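The values are calculated or read from the model by the stated rules, or taken from the named source; none is laboratory data. Bear in mind that the values here come from a model prediction, so they are computed numbers and not experimental data. Cβ placement follows ideal geometry from the backbone for every residue including glycine, while neighbour counts extend to all protein chains displayed.
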Amino acid sequence: MAYVQIPKDLTNVKTKVAFNLTKRQLIGFGVAGIIGIPTYLKTRNVLGNDLAVFLMIVLTIPIFFVVFYEKDGLSSEKYLKYIYLHERHQPKVRVSKERFIEMRKEEQNINGKKSDSAKKFRKKKKTGRKTSKKGKRS
């Protein structure tokens, strides 16, 4: 009898619609066809067959990249968004905690804001029961 393994995590399994392609891939092929075929047909008389095919390929490759590229379960646009956010909005050099606190205090002094968050943190009440030394409730 044939034995087929079924993955335990079915969230990564994608539904195939036609020609063993997902909806996203079919839409990508359609968009690439709508852009690439007319480009080829209109430019082959002017540029010649070789350059028209090259232009069609150059115009459709980015569409295929966006449709098919996936890394760690992320689609290409999400992955590129995370790379952009990492490169532009995160500091390049890590700062120690003490230095970060000093920088934060300097910023607050410059802006005229004084934070009482440290005082509030110290005054937080404990949520546990109060017990005496013998361990009985008081």
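Some points to look at:
- Filter pass, Ile63 being assigned by TED's automatic domain parsing to the domain that holds Arg24, closer than 30 Å to Lys16 by Cα and among the hydrophobic types (A, V, I, L, M, F, W, C): yes
- Pairs linking a residue in the range 11-29 that is surrounded by fewer than 12 Cβ atoms within 10 Å (Cβ to Cβ) to a residue that is in a helix (DSSP H, G or I), with Cβ atoms under 8 Å and 6 or more positions apart or on different chains, are Thr15/Lys23; Ala18/Leu26; Phe19/Leu26.
- Selection status of Val46, among the aliphatic types (A, V, I, L, M), part of a helix (DSSP H, G or I), within 36 Å of the chain's Cα centre (by Cα) and modelled with pLDDT of 85 or more: no
- Helices (runs of 4 or more DSSP H) fully within the range 54-138 counting 1 or more residues that are at pLDDT 85 or above and among the charged types (D, E, K, R): 76-89, 97-111
- Residues in the range 77-93 that are out of contact with any Asp or Glu (no Cβ under 9 Å at 6 or more places or on another chain) and under 25 Å from Pro62 (Cβ atoms): Glu77, Lys78, Leu80, Lys81, Tyr82, Ile83, Tyr84, Leu85, His86, Glu87, Arg88, His89.
- Within the range 48-96, tally of residues that are surrounded by 10 or more Cβ atoms within 10 Å (Cβ to Cβ) and of a type in the set (S, T, N, Q): 4
- Top-ranked residue in the range 1-31 [being of a type in the set (Val, Ile, Thr) and in a loop (DSSP other than H, G, I, E, B); ranked as nearest to Val67 (Cα to Cα)]: Thr22
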